[in-house]
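The values are calculated or read from the model by the stated rules, or taken from the named source; none is laboratory data. These figures come from a predicted structure and were not determined experimentally. Here the Cβ is made from the backbone with ideal geometry for all residues, glycine too, and neighbour counts use every protein chain on show.
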């Protein structure tokens, strides 16, 4: 079992990237309603297998709108990952 496992969701909207739910070992720590105008939801996952090992980080797509043109447009405008949130 890992020492630490954390996940934070981000939603791409016409206003840019917005923070979403957070999870610690799969349990919600922050439970927010996703924006109705989101086109993409990504999650940043961080896991540390032991207190002596460095954490590993990765991204996973959790939801995508069927409007691919809008998804592509907003990804070009705001980037594929949130920055500075």
Of residues in the range 34-50 being within 27 Å of residue 76 (Cβ to Cβ) and more than 14 Å from the chain's Cα centre (by Cα), the one surrounded by the most Cβ atoms within 10 Å (Cβ to Cβ): 37
Any hit, the range 71-85, residues being touching a helix residue (DSSP H, G or I) at 6+ places or on another chain (Cβ under 9 Å), assigned to a loop (DSSP other than H, G, I, E, B) and modelled with pLDDT of 95 or more: no
Which numbered condition residue 66 fails, given (1) part of a loop (DSSP other than H, G, I, E, B); (2) surrounded by 11 or more Cβ atoms within 10 Å (Cβ to Cβ); (3) modelled with pLDDT of 95 or more: (2)
Residue selected from the range 3-21 under the condition assigned to a strand (DSSP E or B) and more than 26 Å from residue 70 (Cβ to Cβ), by the criterion nearest to the chain's Cα centre (by Cα): 6
Filtered residue count, the range 22-33, keeping only those that are part of a loop (DSSP other than H, G, I, E, B), over 23 Å from residue 74 (Cα atoms) and in contact with a strand residue (DSSP E or B) (Cβ under 7 Å, 6 or more places away or on another chain): 2
Extreme residue, modelled with the lowest pLDDT, among residues of the range 51-63 that are surrounded by 10 or more Cβ atoms within 10 Å (Cβ to Cβ) and assigned to a loop (DSSP other than H, G, I, E, B): 55
